[in-house]
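Here is the structure we will look at.
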Amino acid sequence: MVRAVVFDLDGTLIDSALDIHAAANRVLREQGLTELDLPTLKSFVGEGVRVLMQRCLDHAHASTSPEDIQQAVARFLEIYAEDPAKHTVIYPGVQDLLAKLQSRGDRLGICTNKPEAITRTVLKDLGLTSTFRVVVGGDTLPTRKPDPSGLLATIAQLGSKPDETIYVGDSEVDAATAQAAGVKFVLFTKGYRKSPVASIPHWRAHDTFAEIESALITNDATANG
């Protein structure tokens, strides 16, 4: 029986690429480096801010020493935190799905590699704060995805167990996290994944949240192995 549904955030519930893109390019611009186009930036998203900025600096042929990466991370977070949801939008169908999951009594959580404070700001700005009982960000614990600790902590705080939980995400990192945690994984295929759908381990894969709703609610998800 499903007791909880946990979601990734960026590329899963929300399209935040424009805001991340603007903040990353401002960091590069301030350093006199070549800015990134949006598709390139999207390909760098998913493994946390440090990896994002390391990839940005490397792409710009700049120093990627630990000190330079940390400086870029700090500046990115400072810029991004100013208005992290300015251009960010919720994907179509997400709010309907969340409302229906809540109405049937599912406990909802977030497990993301986005820093927790910024995650909470984004949820607040988009009117989603009250939807999620638990929010675990990329800096909530010493580890981040694909380490399963964050997902397992989210599940535990929701009062659920891995075999009573479904994780919804959009990337290879999310799939690996779910697999390591022993949790069924639903792949939203229109997010930030870099590999073909067939190469990403998943229980279900769908292009729209109407289809995900059907998988989780209309077609009794608890009956599938």
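Being of a type in the set (S, T, N, Q), assigned to a helix (DSSP H, G or I) and under 25 Å from PRO148 (Cβ atoms) is a property that does not hold for GLN70.
Screening LEU152 on (1) closer than 26 Å to GLU116 by Cα; (2) more than 16 Å from the chain's Cα centre (by Cα); (3) in a helix (DSSP H, G or I) shows it passes everything except condition (2).
Filtered by the rule that a residue be within 17 Å of GLY169 (Cβ to Cβ), touching a helix residue (DSSP H, G or I) at 6+ places or on another chain (Cβ under 8 Å) and of a type in the set (D, E, K, R), the range 93-133 gives a lone residue, LYS114.
Taken over the range 155-213, the criterion of being small (Gly, Ala, Ser) and outside any helix (DSSP H, G or I) is satisfied by GLY159, SER160, GLY169, SER171, GLY182, GLY191, SER195, ALA205.
Going residue by residue through the range 163-170, is there one that turns out to be surrounded by fewer than 23 Cβ atoms within 10 Å (Cβ to Cβ) and over 24 Å from VAL27 (Cα atoms)? Yes, the range 163-170 contains a residue that is surrounded by fewer than 23 Cβ atoms within 10 Å (Cβ to Cβ) and over 24 Å from VAL27 (Cα atoms). Restricting the search to the range 85-116, which residues are assigned to a loop (DSSP other than H, G, I, E, B) and over 21 Å from the mean Cα position of the chain (by Cα)? Across the range 85-116, the qualifying residues are ARG104, GLY105.
Candidates in the range 9-40 are the residues that are among the acidic types (Asp, Glu) and surrounded by 15 or more Cβ atoms within 10 Å (Cβ to Cβ); of these, the one that is farthest from ILE166 (Cα to Cα) is GLU35. Scanning the range 174-225 for residues that are at pLDDT below 95, out of contact with any helix residue (DSSP H, G or I) (no Cβ under 8 Å at 6 or more places or on another chain) and either aromatic (Phe, Trp, Tyr) or open to solvent by less than 60 Å² (accessible area, probe 1.4 Å) (or both) gives GLY191, SER214, ASN224. Give GLU82, GLU78 a once-over and let me know the one that is over 19 Å from GLY46 (Cβ atoms), over 14 Å from the mean Cα position of the chain (by Cα) and outside any helix (DSSP H, G or I). So the residue among GLU82, GLU78 that is over 19 Å from GLY46 (Cβ atoms), over 14 Å from the mean Cα position of the chain (by Cα) and outside any helix (DSSP H, G or I) is GLU82.
Which residue is least open to solvent (accessible area, probe 1.4 Å), if the candidates are limited to the range 95-109 and must be of a type in the set (A, V, I, L, M) and out of contact with any strand residue (DSSP E or B) (no Cβ under 7 Å at 6 or more places or on another chain)? So the residue we want is LEU97.
The values are calculated or read from the model by the stated rules, or taken from the named source; none is laboratory data. No experiment lies behind these values; they were computed from the predicted model shown. Positions of Cβ are generated from backbone atoms using ideal geometry, with glycine treated the same way; all protein chains shown enter the neighbour counts. Each accessible area value is taken on the protein alone, full model and side chains, heavy atoms only, with ligands, DNA and RNA left out. Shrake-Rupley method; radii C 1.70, N 1.55, O 1.52, S 1.80 Å.
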